[in-house]
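*Asks:* Supplied in structure tokens, the structure appears directly below.
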């Protein structure tokens, strides 16, 4: 019998805020999802790739530059 660990909940918007902070530190320059993940993961811990993709879909804050590359919306 395999027992699953309970999913750990994180504060709502924590990942999106950390992504915004990182992209702002780049002076508005673009970054790939892998770059964003590498920068944010040490601070927040491991999150599923889908969480990053989902957070980056918020068009109020992020603009897709090309496939897998985003920047802060100006």
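*Asks:* Write out, first by first residue and then by second, each pair whose Cβ atoms fall under 7 Å of each other, whose residues are 6+ apart or on separate chains, and whose first residue, in region 15-28, is under 12 Å from residue 61 (Cα atoms) while the second is modelled with pLDDT under 95 and not in a helix (DSSP H, G or I).
*Replies:* 28/74
*Asks:* Among 71, 43, 37, which is closer than 14 Å to residue 16 by Cα and free of Cβ contacts under 8 Å to residues at least 24 places away in the same chain?
*Replies:* Answer to the check: 37.
The values are calculated or read from the model by the stated rules, or taken from the named source; none is laboratory data. The structure displayed is predicted, hence computed values, not measured ones. Using ideal geometry, Cβ is built from the backbone for each residue, glycine included, and neighbour counts are taken over all protein chains shown.
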